[in-house]
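Since the structure comes first, as structure tokens, the remarks are kept for the end.
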Amino acid sequence: MTLPRTSWERLNAYVDGELGPRESAEVAREVADDAMVAAQVAAIAALKAAAVESLEPMDPAILEQPAAPKRRTMTWVAGAACAILFTGFLAIRMTSDVAPPELRIAHDMHAQWILQSDPRVEAQAARILETSLTHMGLVVYAPDLSSVGLYFAHIRAIPAENGRGLHIGYLGRRGCMMSLVVMETATALAPGLHEFDDDRGKGFTWHIERYRYVLLAARMDPHRFAKVAAVVESLTRSRAVLSGTERLALQRSREQAQPCAA
Amino acid sequence: MRRRQSPGDERLTPHLSGLFGYALSLCGNREDARDLVQNCALKAFTAHRVPSDAPAYRTWLFRILRNVFIDEVRSKSAFALCIESFAESQPDAFRYEESLINSLTLKRGMQALSLEHREIIGLVDMAGFTYEEAAQLIGIPTGTVMSRLSRARKYLLRTIHEDNVRKLPERSKGVRN
């Protein structure tokens, strides 16, 4: 297969109408003479057309609720949400009856992930998660937290010798790395959210049906972490998506917290 | 209470879709993009000096949006997370199928691009800026816009191709359905 005579950059400029008349005519001749060049030009043009097509009409009503005033008018809602979450936080039990194997596995998975040299959001993470759940037959639920700045970034099965389970990594834009580790276990735990603090760090754990959930976060502000844990526990239990109130409260706690990378 | 429409709204409204497309290319998700456009609109409405001619006004709006975005992420690690997704390589054999390119595959492909590549596609392809206008807005040479855009499209085409092309199972010879 022959390489095109015309450079890729020049073809892009041609499609974008950025070439002068003489250069443009030269490229047009090459397009007419060479099927490969013509195919490249067609692909670039198709990309441009798809980009325009992907534009969504924006409702001008958005201008009637600029972001900052909206936050002010919603302050009481956020405050109420914080109060609810704070009440929930008070209900968290400090626990020492958490089965150690699950915590060890969760700590191991979390540590392996944060030691990676180049953690990044995997574009297909949400899809991988869905596939993993289907493939492994696990009936667990990992909430989408992207609207509060935590993105699916890492999905791995836990090592087989530890049973069946998944490690789901959420990555924040301010350096936060939060792990949700879900494992099948026969060891039940009292209902509710349990906070633990062992020699490898603080975290939260809870039990739903036959699954143990463990939440760990590196360097996340403790108050924010507690609020996130309360919401994640609630969402995994109800299999719901973030409500507007929860979202507001978590956004608010995020704004008030120090960045994890700080 | 509904805010009365001001002359500023009338000037800004035609650019909303372009702004949202650009914001989406920067943020990667609709919620943040919407907030970004709202913050941009708020700053535009409260600005003391507003360009009078239309092209300058459009560039000014998009620059506001870009600055708001940069302000929001400057202290964060978002930029660090969005470094080149693919190793640099020369295009070898051209193997992209035009039929695979549509708005859906483009949106998915965009997610795999780096921030700077998403941004240049947002500006040139979605918002319709010329290379020179985009260069002025971002603050880079026009030649860099050209090379960055061509690389971005190359990566995008590759992503779309790799994400879509699946080998069909071979049919058994001699068997008729």
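By counting other Cβ atoms within 10 Å of each Cβ, how are A:Asp197, A:Asp221, B:Asp35, B:Asp125 ranked from fewest to most? Kindly include the intermediate steps, with their values, before the conclusion.
Working: A:Asp197 11, A:Asp221 19, B:Asp35 22, B:Asp125 26.
Arranged by neighbour count, lowest to highest, A:Asp197, A:Asp221, B:Asp35, B:Asp125 become A:Asp197, A:Asp221, B:Asp35, B:Asp125.
I need A:Tyr170, B:Tyr155 ordered by Cβ neighbour count within 10 Å, fewest first.
B:Tyr155, A:Tyr170
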Out of the range A:178-262, which GluC sites (Glu not before Pro) are coil in DSSP terms and have no more than 14 other C-beta atoms within 10 Å?
-> A:Glu209
Taking neighbour Cβ counts within 10 Å as the exposure measure, how do A:Trp113, B:Trp60 sort from fewest upward?
-> B:Trp60, A:Trp113
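Taken together, the values in this text are just the output of simple stated rules run on the coordinates, not laboratory data. Keep in mind the model is a prediction, meaning the values are calculated, not measured. Please note: Cβ atoms are built from the backbone with ideal geometry, for glycine as well, and neighbour counts cover all protein chains shown.
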